[in-house]
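Asks: Right, I'll just put the structure down here and ask away after.
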Amino acid sequence: MLTFERQLWNRGLKQIAGIDEAGRGPLAGPVVAASVVFSPAFLEKEQNGALSGLTDSKKLTPARREFYFKFLMSQREHVAVGIGFADVSEIDSLNILKATNLAMIRALQNLPFVPEYVLVDGLPVSDISLSCTAIIGGDSKSLTIAAASVIAKVVRDDYMLQLDKLYPEYGFRMHKGYGTFSHIQALFEFGPCPAHRRSFRPVRESMAIRTGTHRKTYSHR
C-alpha cells in the first residue's frame, strides 16, 4: 500500500497528495472529494500501527471508517487534509464527471499548501495542473488515496444525515442518496426534493410521471 509513495519519495518528492471522491452514483446530495498529504516518516510508522487495515472506504465497516477518520483528523501535525464539494446544481449543469473533477480540484486547493505530486483514484483529471498519476483501484493500492477515500466518504455520509433531518421522507439516513428500492418508491410518492439530481434518470422519470408528461410505451402483439 506504499509502493507508489515510496517510488516518489525515492525521487526526492515528499509532499504527496492522494485524492478520492465519494458520491458519484447517488441520486441525491453532493459529490465530495478529499485530498490527503502525509509526512513520510509518520506514514511509514503508522502503516502497521493505527493505519493498519486502511483501504478503500467501501470495504470498511462504518465503525472502522469512523475510527480512521477521527485518527486522521486528530493528527494534523502529520496529516494535511483538503475537502471539496460539488453541489447538486453543479452536477446537473456540468454532468457528474465534470462535477467530480471540480470537487477534486477544490479538495487540492483547500490543502494548506501546494503538494509536489498527486495520486488520484480512477481516471486522470485533466484540470489538475500538478504532476499526477491516476491509479485504477487506487484506494486499494495506496494508503494516501485510501485515507482520502475514508475522509470523503465520512464527510459525505455526515452531510446526508443532515439532509435526512430536512427531508426525512426519503430515508437518506439509510441509503445516503443511492437508488435503493425504498428511495425510488419515495421519489415516485413525494417527487424530488431540492437535494435530488434532476439530471439523473430515475429523478427525471419521477418528475415526468408526477407531472403527467411521462410517455408510455406499448408493445405490439
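Asks: Report, in whole Å, the centroid distance computed from the Cα atoms of the stretch 49-85 and the stretch 114-154.
Replies: After rounding, the separation between the Cα centres reads 14 Å.
Asks: Right, another one. Once you charge only the Cβ atoms, +1 for Lys and Arg and -1 for Asp and Glu, what is the size of the charge dipole of the chain about its Cα centre, to the nearest 20 debye? Don't skip to the end; give the middle numbers.
Replies: Details: 27 positive and 21 negative charges, 140 e Å.
Around 680 debye, computed over the chain.
Asks: For the chain, with a Gaussian network of springs between Cα atoms less than 10 Å apart, report the residue from Asn48, Asn110, Asn95 with the top mean-square fluctuation.
Replies: Result: Asn48 has the largest fluctuation of those listed.
Asks: Which residue fluctuates most in the GNM of the chain (Cα springs below 10 Å): Lys45, Lys176, Lys153?
Replies: Lys45
Asks: State which stretch of the chain is the longest one without any exposed chymotrypsin sites (Phe, Trp or Tyr not before Pro), exposure meaning a DSSP loop state and at most 12 other Cβ atoms within 10 Å. Write down the numbers at each step before the final one.
Replies: Details: sites that count: Phe113, Tyr218.
Answer from the scan: 1-112.
Asks: How charged is the neighbourhood of Asp158? Take every other residue with its Cβ under 15 Å from the Cβ of Asp158, and add Lys/Arg as +1 and Asp/Glu as -1.
Replies: Details: positive: Arg65, Lys70, Lys153, Arg156, Lys165, Arg173, Lys176; negative: Glu66, Asp157, Asp164.
Residues near Asp158 contribute +4 overall.
Asks: Taking volume of the Cα convex hull per residue in Å³ straight from the coordinates, which label in (1) 145; (2) 115; (3) 214 is the correct one?
Replies: Checking each listed value against the structure points to (1).
Asks: Under a plain spin-label model, where a point goes 7 Å from the Cα along Cα-to-Cβ, how far apart in nm are Arg76 and Leu13?
Replies: 2.7 nm
Asks: While we're looking at this one, here's another question. Given the options Met160, Met73, Met104, state which has the largest fluctuation in a GNM of the chain using a 10 Å cut-off (strictly under) for Cα springs.
Replies: Ranking Met160, Met73, Met104 by mean-square fluctuation puts Met73 first.
Bear in mind these aren't lab numbers, they're just calculated from the coordinates by the rules spelled out. Keep in mind it's a predicted model, so treat the numbers as computed, not measured. In this analysis, Cβ positions are derived from the backbone assuming ideal geometry, glycine residues included, and neighbour counts consider all displayed protein chains.
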